[in-house]
Amino acid sequence: MRFSTILLPLAALSTSVLADGASILNALSTISNATTALNSSITSFRADGDPLKLIPILIQSTTLLSDINDGTNTASSSANLTVDETLTVASATLNLVSSVETTLDNIVGGEKLFSSELVSPVIYLNLVQEKSATDKFSAAVISKVPESLQSTAETIVAPIDTAFTAAIAAFKGQL
Ligand SMILES: *[C@@H]1O[C@H](CO)[C@@H](O)[C@H](O)[C@H]1NC(C)=O
Ligand SMILES: *[C@@H]1O[C@H](CO)[C@@H](O)[C@H](O)[C@H]1NC(C)=O
Ligand SMILES: *[C@@H]1O[C@H](CO)[C@@H](O)[C@H](O)[C@H]1NC(C)=O
């Protein structure tokens, strides 16, 4: 009896510690899935330029923005990550970086088509908001990473900023 009353709070404690890395991983997975869904809709629109296909793009873009903002809240309320959690989060982040890069390439490749449907200014504003939200999300996650790994973490997410800056530049002339 005594043993279990000592062990139970300990078990609860270790679960909540693990849950922080897990909740950030879950946020990354949500963001990654939202990115892939948006990318598919962009590919579909680019295939035939059907203006009706702009509707899912705008909805999924809004969903993505809200998923990124949710991720920031999750990361902000997370405890500091252990080294093991940091490695898992880093690996999921590397995958997300590459998804974001190919999705932004896909958006930039469709620029003329978006422009002919007069939605380039909307895409531009979405990109600006998504970049800003992503910067906040990255900063929130990196603040939970052990200090000795923070500069490596910055390096891992840096290509996202580069890709957003290029995409924003491609749409800026359309405002
Ligand atoms: C993301 O998609 C994968 C594959 O469909 C799925 O297994 C996973 O549960 C999804 N992640 C979230 C957070 O919904
Ligand atoms: C986005 O779509 C492009 C073109 O279909 C594809 O090459 C790329 O791999 C896709 N990326 C993701 C994350 O789905
Ligand atoms: C979390 O880590 C940061 C450095 O990355 C440190 O400044 C802070 O004191 C840590 N917080 C706790 C509660 O350990």
- [ ] Return yes when Ser32 is over 22 Å from Leu125 (Cβ atoms) and either without any contact (Cβ under 8 Å) to a residue 40 or more places away in the chain or not β-branched (Val, Ile, Thr) (or both) and no when it is not.
- [x] yes
TODO: Test Lys131 against the criterion of being open to solvent by 20 Å² or more (accessible area, probe 1.4 Å), touching a Ser or Thr at 6+ places or on another chain (Cβ under 6 Å) and among the basic types (Lys, Arg), and give yes or no.
DONE: no
Open item on the list: Going by what's in this entry, would Ile24 be described as within 12 Å of the chain's Cα centre (by Cα) and within 16 Å of ligand 3 (Cβ to nearest atom)?
Closed with: yes
TODO: Could you list all residues from the range 42-83 that are assigned to a helix (DSSP H, G or I), of a type in the set (Asp, Glu) and open to solvent by less than 60 Å² (accessible area, probe 1.4 Å)?
DONE: Asp67
Task: From Thr103, Thr72, residue being closer than 18 Å to Gln129 by Cβ, modelled with pLDDT of 95 or more and in contact with a Lys or Arg (Cβ under 7 Å, 6 or more places away or on another chain) - done: Thr72
Open item on the list: Quick check on Ser132: is it out of contact with any Lys or Arg (no Cβ under 9 Å at 6 or more places or on another chain), more than 16 Å from ligand 2 (Cβ to nearest atom), of a type in the set (Ser, Thr, Tyr) and farther than 17 Å from Leu81 by Cα?
Closed with: yes
TODO: Would you tally the residues in the range 135-146 being in contact (Cβ under 8 Å) with a residue 24 or more places away in the chain, assigned to a helix (DSSP H, G or I) and in contact with a helix residue (DSSP H, G or I) (Cβ under 6 Å, 6 or more places away or on another chain)?
DONE: 4
- [ ] With respect to Ile24, determine if the residue is within 15 Å of ligand 2 (Cβ to nearest atom), part of a helix (DSSP H, G or I) and not hydroxyl-bearing (Ser, Thr, Tyr).
- [x] no
Open item on the list: Every residue in the range 148-165 that is within 15 Å of Val100 (Cα to Cα), small (Gly, Ala, Ser) and exposed (fewer than 14 other Cβ atoms within 10 Å of the Cβ), please.
Closed with: Ala158
TODO: Can you confirm whether the range 93-106 contains a residue that is within 16 Å of ligand 3 (Cβ to nearest atom), part of a helix (DSSP H, G or I) and among the hydrophobic types (A, V, I, L, M, F, W, C)?
DONE: no
Task: Phe137 being among the aromatic types (Phe, Trp, Tyr), within 16 Å of ligand 1 (Cβ to nearest atom) and modelled with pLDDT of 95 or more - done: yes
- [ ] Please list, ordered by first then second residue, the pairs with beta carbon atoms under 8 Å, 6 or more apart or interchain, first in the range 100-120 and open to solvent by 50 Å² or more (accessible area, probe 1.4 Å), second among the hydroxyl-bearing types (Ser, Thr, Tyr).
- [x] none
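The values are calculated or read from the model by the stated rules, or taken from the named source; none is laboratory data. Nothing here was measured: the structure is a model prediction, and the numbers come from that model. In this analysis, Cβ positions are derived from the backbone assuming ideal geometry, glycine residues included, and neighbour counts consider all displayed protein chains. Only protein heavy atoms, including side chains, enter the accessible area calculation; ligands, DNA and RNA are left aside. Shrake-Rupley method; radii C 1.70, N 1.55, O 1.52, S 1.80 Å.
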